[in-house]
Amino acid sequence: MLSPSVNTTLNLLTLSLNEVTQLDSYAHTTGNLLVGKLPKDPAWLASVRSRVSMLGSAGASWIEDKPQIWANVLLQFCNYSSAIAGLANMQCSPGIRTNDQWVELLRSVLLSQLDSAIAATDVATQALASHRQAFSNIQPLLEQSINAGWAELASEEKQMVKIAAELQRLQDLVSSLQDALTTADISTGQSVTSTTVTMLYNVATEAGGSFSFLGMAVSAITVGKFYYDIISKNAEVADTLRSIATLQVQATEEAQAAAGSKMVLQLLYSLELTFASMGNSLPQISTLWRNERAKVQMVIDALKAGADASNYFDLLTLPTANANWHSIAGFARAIPALTGAAGPPVTLNPQAPIANVA
């Protein structure tokens, strides 16, 4: 049949959407990373700030290019659905009877559109790879700067490791409490809520106060509920925040800064995983198009070899293939049409004296 499995295709598009959404969140985060100064600012920390600004530039570049990259991927499904529908309508025409007529139609209507779909998806894949490389180039530089700080503070490494581990736990919790969009969510036009979650990491002072050091804002996605309601009732989040605050007061200001800088590295590691995953989904879409092209070419070859067009399976089932592509195209159009709302913002601050979630 001249169509792929509808369910498999919808699942692949849903996977790609979730990867793009997650990548958007990380890109916005890199543009809103704030690394402050210490009273006695060490050289390694100045280097961290410089390389964090490079991250912000890489994130801004993705945000600028993403609409065209992603829209072009989705557009191919709509365009090919229209091509199939046109061919299905022409099938009823009394003027299409010979094999040569079918071969010409298959070439001009379907193969040309499939070639466009393959080319557009390949371009999107290459563009994504280029953005991925931009982030990848920064990672070893940033890691080098952060490791320099840890090396200077080797005597406090044990305490820094404890703080960094709890900060990573907090980041993992924030991520785990989000929703991944499902095929059903998209098909039914569910309202998606995006919540800004700000993680503040202030340096605690010996006098019992604190001053701003690191700020990180991420976008949390939920469906049918507010992220604020979920996280504010999560005991593990509250426990982790208290644990971070307790560990901080047992470390020097510089050691706290070095431990906190690992949050940025953890963000970058997560970003790498997202890119790696998305690097797989777009090639799968390219493969889908290549498989469809191979099917059409097989029909052309069979007709040129003398197969009976009036009794050929892929032509007899063209109305069913048309219905399948109509469903797929409708789903592709529903993705950018998803309605979104802004949920109540969430602030996570280990040094907050009373409420850690506000």
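The values are calculated or read from the model by the stated rules, or taken from the named source; none is laboratory data. Computed from a prediction, not measured in an experiment: that's the story for all the values here. Neighbour counts run over all protein chains shown; Cβ positions are idealised from the backbone, glycine included. These area figures cover heavy atoms from the full protein model, side chains too; ligands, DNA and RNA do not enter into them. Shrake-Rupley method; radii C 1.70, N 1.55, O 1.52, S 1.80 Å.
One table, with the values for the structure above:
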read-out	value
Conditions (1) loosely packed, with under 14 Cβ neighbours inside 10 Å; (2) touching a residue at least 24 places away in the same chain (Cβ under 8 Å); (3) part of a helix (DSSP H, G or I): number failed by Gly189	(3)
Test result for Ala220, in contact (Cβ under 8 Å) with a residue 24 or more places away in the chain and within 19 Å of Asn18 (Cβ to Cβ)	yes
Residues of the stretch 232-249 classified as open to solvent by less than 20 Å² (accessible area, probe 1.4 Å), aliphatic (A, V, I, L, M) and touching a strand residue (DSSP E or B) at 6+ places or on another chain (Cβ under 6 Å), total	0
Top-ranked residue of the stretch 318-352 - restricted to ones that are among the small types (Gly, Ala, Ser) and part of a loop (DSSP other than H, G, I, E, B), ranked as nearest to the chain's Cα centre (by Cα)	Ala337
Flag if Leu17 is outside any helix (DSSP H, G or I) and either aliphatic (A, V, I, L, M) or under 21 Å from Ser116 (Cβ atoms) (or both)	no
Check on Ser50, of a type outside the set (A, V, I, L, M, F, W, C), in contact with a helix residue (DSSP H, G or I) (Cβ under 7 Å, 6 or more places away or on another chain), surrounded by fewer than 17 Cβ atoms within 10 Å (Cβ to Cβ) and assigned to a helix (DSSP H, G or I)	no
Pair list, Cβ under 9 Å, 6 or more apart: the stretch 334-358 residue under 16 Å from Ser194 (Cα atoms) and modelled with pLDDT of 70 or more, other residue open to solvent by 30 Å² or more (accessible area, probe 1.4 Å) and among the aromatic types (Phe, Trp, Tyr)	Gly343/Phe226; Gly343/Tyr228; Pro344/Phe226; Pro344/Tyr228; Pro345/Tyr228; Val346/Tyr228
Single match in Ala180, Ala134 (criterion: within 30 Å of Thr287 (Cα to Cα), under 20 Å from the mean Cα position of the chain (by Cα), open to solvent by less than 60 Å² (accessible area, probe 1.4 Å) and of a type in the set (Gly, Ala, Ser))	Ala134
Residue that is most open to solvent (accessible area, probe 1.4 Å), among those in the stretch 79-125 that are under 27 Å from Phe275 (Cβ atoms) and among the aliphatic types (A, V, I, L, M)	Val123
Exclusive hit being β-branched (Val, Ile, Thr) and over 19 Å from Ala124 (Cα atoms), set Val73, Val52	Val52
